[in-house]
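Student: One structure follows; several queries about it will come next.
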């Protein structure tokens with residue numbers, strides 16, 4: 001868990017610095033940074049989607065994930081939780097939820113996150129995650145300057161998700177085969193494209209309702225990997 005704890009620390013430091021700069025930067029500068037983050041998010045999402053080898057797995061994961069997220073009204077529930085946190089801590093940030101979700105997906109959906117967590121879990125050391133931690137620290141600074149304190153709170157899902165993969169790797173060994181990691185990365189990339197569209201105000205995609213796709217894609221990719229996937233023609 002060393003790599004994840006270092007990652008959490010760099011995100012905290014970067015977020016705090018970004019929040020400090022946010023109130024000192026002209027509004028037009030923050031807007032330009034915001035647009036840059038949106039474009040970067042879309043570009044990163046496209047590059048991550050290209051990792052997919054089994055596109056049908058990603059499509060079905062998004063389908064089942066969207067049905068599940070919509071049925072349980074996941075976006076409404078998370079927004080309600082975010083509003084409760086804002087009220088409890090007296091935050092006045094309009095982009096609290098957007099900052100939290102955007103930061104979580106940016107920090108957690110890349111191959112480096114999964115491979116680094118697995119690498120540490122199987123005993124190869126935290127070097128990959130420490131490298132990622134440095135990058136995330138700078139990213140957190142830019143994100144929080146544009147989106148506010150919600151970015152700081154992304155350390156909670158970051159700790160649970162990345163740390164959880166490390167712990168699972170310690171117990172399950174090679175469960176996260178390369179093909180499974182690729183499809184998880186590709187699905188995260190699609191969600192990032194949706195986020196980028198929202199950030200640039202090109203549309204309103206309920207990305208939060210699609211988050212269960214990240215669970216379904218692991219299930220479907222693993223079934224495909226061990227030849228239990230029902231759509232054998234794809």
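Student: Contour minus end-to-end for residue 35 and residue 56, with contour as 0.36 nm per residue of separation and end-to-end as the Cα-Cα distance? All intermediate terms of the calculation are to be shown ahead of the outcome.
Tutor: Working: separation 21, 0.36 × 21 = 7.56 nm, distance 3.17 nm.
Full extension of this stretch gives 4.4 nm more.
Student: How far, in degrees from 0 to 90, does helix 55-71 lean away from the longest principal axis of the Cα atoms of the chain, to the nearest 10?
Tutor: Helix 55-71 and the main axis of the chain meet at about 60 degrees.
Student: Same structure again: I need to check one value: relative contact order of the stretch 2-225, counting alpha carbon pairs closer than 8 Å and at least 6 residues apart, in percent. Could you put the intermediate results ahead of the total?
Tutor: Values: 367 pairs, mean separation 96.7, N = 224.
Taking the mean separation of contacting Cα pairs over the length of the stretch 2-225, I get 43 percent.
Student: If you fit an axis through the alpha-carbon atoms of helix 155-172 and take the longest principal axis of the Cα set of the chain, what angle between them do you get, 0 to 90°, nearest 10?
Tutor: 20 degrees
Student: How much FRET efficiency would the formula 1/(1 + (r/R0)^6) give for residue 223 and residue 2, where r is the Cβ-Cβ distance and R0 is 45 Å, rounded to 0.05? Mind showing how you got there, number by number?
Tutor: On the way: r = 33 Å, r/R0 = 0.73.
Here the calculated transfer efficiency is 0.85.
Student: Per residue of the chain, what 222 nm ellipticity follows from adding -39500 (n - 2.57) for every DSSP H run with n ≥ 4, rounded to the nearest 500? Intermediate results must be reported in sequence, preceding the final value.
Tutor: Details: 10 runs with 175 residues, N = 234.
Taking each H run of at least 4 residues, the total per residue is -25000 deg cm²/dmol.
Student: Where does helix 74-89 land angle-wise versus the long Cα axis of the chain, in degrees 0 to 90, nearest 10?
Tutor: That works out to roughly 40 degrees.
Student: Running a GNM on the chain with Cα contacts under 10 Å, which residue among 204, 88, 224 ends up with the highest mean-square fluctuation?
Tutor: 88
Student: Using 7 Å Cα-to-Cβ label points, what is the residue 28/residue 167 separation (nm, one decimal)?
Tutor: Placing both labels 7 Å beyond Cα along the Cβ direction yields 5.0 nm.
Student: In percent, what relative contact order does the stretch 67-196 have, based on Cα pairs under 8 Å that are 6 or more apart in sequence? Let's see the in-between values first.
Tutor: Numbers: 119 pairs, mean separation 42.7, N = 130.
Relative contact order comes out at 33 percent.
Student: Pick from 135, 202, 143 the residue whose mean-square fluctuation is largest in a GNM of the chain, springs joining Cα atoms under 10 Å.
Tutor: Among 135, 202, 143, the largest mean-square fluctuation in the Gaussian network model of the chain belongs to 202.
Student: Could you state, as a whole-number percent, how many of the C-alpha pairs of the chain are farther apart than 32 Å? It would help to have the intermediate numbers written out before the result.
Tutor: Working: 4723 of 27261 pairs.
For the chain, the fraction of Cα-Cα distances above 32 Å is 17 percent.
Student: Further, regarding this structure: Between residue 127 and residue 9, what FRET efficiency comes out of the Förster formula 1/(1 + (r/R0)^6) with R0 = 22 Å and r the beta carbon distance, rounded to 0.05?
Tutor: Working: r = 16 Å, r/R0 = 0.73.
The formula returns an efficiency of 0.85 here.
Student: Compute a Gaussian network model of the chain, connecting alpha carbons closer than 10 Å, and tell me which residue from 124, 198, 182 fluctuates the most.
Tutor: 124
Student: What FRET efficiency comes out for residue 202 versus residue 16 if R0 is 25 angstrom and r is the Cβ-Cβ distance? Round to the nearest 0.05. Before the final figure, lay out the partial values.
Tutor: Details: r = 30 Å, r/R0 = 1.22.
Calculated transfer efficiency: 0.25.
FYI, it's all coordinate maths here, none of it is from the lab. Everything numeric in this text was worked out from a predicted model, so none of it was measured. For neighbour counting, all protein chains shown are included, and Cβ atoms are generated from backbone atoms with ideal geometry for every residue, glycine included.
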